1. Could you grab the pairs with beta carbons closer than 8 Å, sequence gap of 6+ or different chains, first residue in segment 134-151 and of a type in the set (Val, Ile, Thr), second one crowded, with 20+ Cβ neighbours inside 10 Å and in a strand (DSSP E or B)?
2. Residue by residue through segment 221-230, note down the ones that are part of a helix (DSSP H, G or I) and surrounded by fewer than 21 Cβ atoms within 10 Å (Cβ to Cβ).
3. Would you confirm whether or not segment 235-247 contains a residue that is more than 30 Å from ILE162 (Cα to Cα) and not in a loop (DSSP other than H, G, I, E, B)?
4. Can you tell me how many residues within segment 218-233 are more than 15 Å from the chain's Cα centre (by Cα) and polar (S, T, N, Q)?
5. What tally of residues in segment 74-89 results from selecting those that are closer than 15 Å to LYS257 by Cβ and either at pLDDT below 85 or touching a Cys at 6+ places or on another chain (Cβ under 8 Å) (or both)?
6. Could you list, in sequence order, all residues of segment 156-182 that are modelled with pLDDT of 95 or more and surrounded by 22 or more Cβ atoms within 10 Å (Cβ to Cβ)?
7. Could you check segment 63-98 and list, in sequence order, the residues that are touching an Asp or Glu at 6+ places or on another chain (Cβ under 9 Å) and β-branched (Val, Ile, Thr)?
8. Going residue by residue through segment 133-141, is there one that turns out to be in contact with a helix residue (DSSP H, G or I) (Cβ under 9 Å, 6 or more places away or on another chain), at pLDDT 90 or above and part of a loop (DSSP other than H, G, I, E, B)?
Amino acid sequence: MATAALCQLHSSSSSSLCHVSSSSSSPSSSSAAASVCGRVSCRAPQPQVHLSVSASSPDKTIFQIENSGVIACLRAKSAEVAYEVANAAIAGGISVLEIVVSTPGSKPAGQGAPDYGTRSMLAPFKFLVGTVLRIEDAKAAVNAGAKFLMSPAIVKDVMYYIQNGEVLYIPGTMTPTEILSACEAGAKIVKIYPVSALGGFQYISAIKKPFPHVSMVASQGINIDSIEEYISRGASAVVLSDAIFDKEAIAQRNYEKIQKLAHSAALLGNKAVNR
């Protein structure tokens with residue numbers, strides 16, 4: 001099941017510098033990373049910097065992800081509900097939003113490729129597309145203006161297709177071998193999936209030891225209360241689904257509750273990344 005994600009880029013960010021705060025690596029750890037990975041291109045943690053407006057779109061997307069600390073993933077049964085719930089999450093402070101494209105309003109186009117065009121429910125947003133498993137889906141998303149592709153696994157065709165372009169690709173990885181393979185293929189950031197099944201934040205803590213230079217998004221089964229723990233253990237951001245988009249609240253169209261949950265998640269994410 002493919003998913004689409006929305007990234008609401010605030011209008012002020014296009015005309016100002018994007019502030020990033022993260023801890024710097026020691027010279028010894030940086031050199032060790034270089035010697036182990038050779039041509040690995042996953043980003044090393046950066047000291048506090050200002051992102052130049054001349055930076056590439058993938059780098060801007062990474063900075064936004066790392067600044068927010070939270071990616072909200074929404075599933076809904078109708079385009080109307082999805083639109084209202086997405087707006088509630090954004091009003092609560094969520095800045096990176098993922099939406100499952102099986103939601104009515106994201107129509108198939110062509111040979112099963114999702115339609116991310118202006119007629120879809122995603123039209124008002126600059127959107128991100130996730131769970132991309134086929135090159136056809138990647139091309140459809142990029143042609144429609146997506147700035148972010150994400151998969152639950154490493155899809156080499158997609159990685160090579162978008163390499164050195166204006167679109168960020170985040171492949172899904174689980175093992176050290178997969179993380180290294182993704183980085184060597186050109187990934188700037190990876191998704192650790194399914195993180196809860198692998199041991200949760202304890203797995204992030206363990207996997208970061210040999211890869212302190214790799215930016216990681218933790219995904220699957222994470223709740224709001226554990227955001228700070230995941231980020232303190234080394235995750236750049238976490239993906240939250242039911243934790244924000246409570247199924248009962250969606251069924252009752254209780255958008256106020258969704259906004260409150262989103263607000264809590266956004267506050268904790270911001271607090272964690274700015275420690």
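The values are calculated or read from the model by the stated rules, or taken from the named source; none is laboratory data. Being a predicted model, the structure only gives us computed values, none of them experimental. We place every Cβ from the backbone using ideal geometry, glycine too, and count neighbours over all the protein chains shown.
1. VAL142/LEU149
2. Across segment 221-230, the qualifying residues are ILE224, ASP225, SER226, GLU228, GLU229.
3. Yes: segment 235-247 contains one or more residues that are more than 30 Å from ILE162 (Cα to Cα) and not in a loop (DSSP other than H, G, I, E, B).
4. Adding up the residues that qualify gives 3.
5. Of the residues in that region, 2 qualify.
6. Within segment 156-182, PRO171, GLY172, THR173, ILE179, ALA182 qualify.
7. Hit for segment 63-98 is ILE71, nothing else.
8. no
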